[in-house]
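The values are calculated or read from the model by the stated rules, or taken from the named source; none is laboratory data. Here the structure is a predicted model, which is why all the values come from computation and not from measurement. Note that we place each Cβ from the backbone using ideal geometry, even for glycine, and neighbour counts take in every protein chain shown.
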Amino acid sequence: MQSILWRALGRNTIISIILFGALLGLLWLVETYLLPCGEAGRGLFLHWHDPAWIVGIPASIIGVAYILTIRDPKNYTGFYAGIIMSILLGIQFLLQGQFDSTFLYFFVFIPFQIMSIYKWSRSKDDGGASFEPKFLETPRLILSIALLIAITAGDFLIMSYVNYGSLTPSLEGRAWVVLLLNGLLISSSFLANYWLIYRKTDSWLYWFLYSVAGIGLFIIVGNVFSIVLFTFFLVINSMAGIAWIKATKKENLYWAKIFCKQ
């Protein structure tokens, strides 16, 4: 087990550190030397004074290693990193006052990842057949979409009440969009983590949606670093999704047969 962890997770962790080191270095150069506003531009990308931002850096590094590892549908050692990532992200969201995300990472995603490790360890006995990725059957796809809508709407109402004291607040358009995109982040990441347990290729479609929703949210909020970060996640998640789609056999395409020709 230790050798497997090092060959896959250890190597991808090093790659992730290098990628993030290069990203942070590039942003520092742009912020320090290329922005026309000079000193006024300091802090546009990098927020070293913010404890939540500091926690988010190792969380993101480990998260990328996690994605790079499970990009291989037969390698689930990345879920060990996923647990550490979830702990760090839970702390980050707690510091930011995003209590819905804090609850989700501590009490939902960590159990999901433990379940994934459990199923991975039990799948060794069938010659790897259980590792084959599959798309959802059409009834489950419909249920999954319904859950996406329901969780998004539920989080929208809960956070409306928490932030504004009403389930039907009189909100400006910007506030509506922020709450909606935040709910979409919650619902898409929930379904992405859940379907990964069962090796469903659809999980990467939800990770793609998660990345796009994050980009939209932080454009509205005006967090430039998070825009860059979620764009980076979009590329990483798309690469992993393409790898899983290519690894999905024709008989396992189900609803996706009309889009995927093999």
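Residue count for segment 212-224 under the criterion of being within 11 Å of the chain's Cα centre (by Cα) and surrounded by fewer than 22 Cβ atoms within 10 Å (Cβ to Cβ): the result is 1. Exactly one residue out of 17, 62, 84 is surrounded by 14 or more Cβ atoms within 10 Å (Cβ to Cβ) and closer than 28 Å to residue 158 by Cα: that is 84. Residue 134 passes every criterion in (1) in contact with a Lys or Arg (Cβ under 8 Å, 6 or more places away or on another chain); (2) closer than 19 Å to residue 233 by Cα; (3) of a type in the set (D, E, K, R) apart from (2). From the list 40, 52, 81, 22, the one residue that fits, being at pLDDT below 85, small (Gly, Ala, Ser) and assigned to a helix (DSSP H, G or I), is 40.
The set of residues from segment 57-69 being more than 13 Å from the chain's Cα centre (by Cα) and not hydroxyl-bearing (Ser, Thr, Tyr) comprises 57, 58. Contact map, segment 111-122: residues that are farther than 16 Å from residue 66 by Cα and touching a residue at least 24 places away in the same chain (Cβ under 8 Å) paired with residues that are outside any helix (DSSP H, G or I) and among the aromatic types (Phe, Trp, Tyr), Cβ distance under 9 Å, separation 6+ or inter-chain. Pairs shown: 119/76; 119/198. With 196, 209, 185, 181 as the choices, which residue is under 22 Å from residue 151 (Cβ atoms), in contact with an Asp or Glu (Cβ under 9 Å, 6 or more places away or on another chain) and touching a residue at least 24 places away in the same chain (Cβ under 8 Å)? Only one candidate passes the filter, namely 185.
With the condition kept exactly as written, say whether any residue in segment 197-205 is in a helix (DSSP H, G or I) and modelled with pLDDT under 95. Yes.
Taken as a whole, the condition of being farther than 30 Å from residue 250 by Cα, touching a residue at least 24 places away in the same chain (Cβ under 8 Å) and out of contact with any strand residue (DSSP E or B) (no Cβ under 6 Å at 6 or more places or on another chain) does not apply to residue 65.
Within segment 227-262, the set of residues being hydroxyl-bearing (Ser, Thr, Tyr) and either more than 21 Å from the chain's Cα centre (by Cα) or buried (at least 19 other Cβ atoms within 10 Å of the Cβ) (or both) comprises 248, 254. Of all residues in segment 151-164, none satisfies being among the small types (Gly, Ala, Ser), in the same structural domain as residue 251 (by TED's automatic domain parsing) and in contact (Cβ under 8 Å) with a residue 60 or more places away in the chain. If you go through segment 84-99 one residue at a time, do you hit one that is in contact (Cβ under 8 Å) with a residue 12 or more places away in the chain and in contact with an Asp or Glu (Cβ under 6 Å, 6 or more places away or on another chain)? No: segment 84-99 contains no residue that is in contact (Cβ under 8 Å) with a residue 12 or more places away in the chain and in contact with an Asp or Glu (Cβ under 6 Å, 6 or more places away or on another chain).
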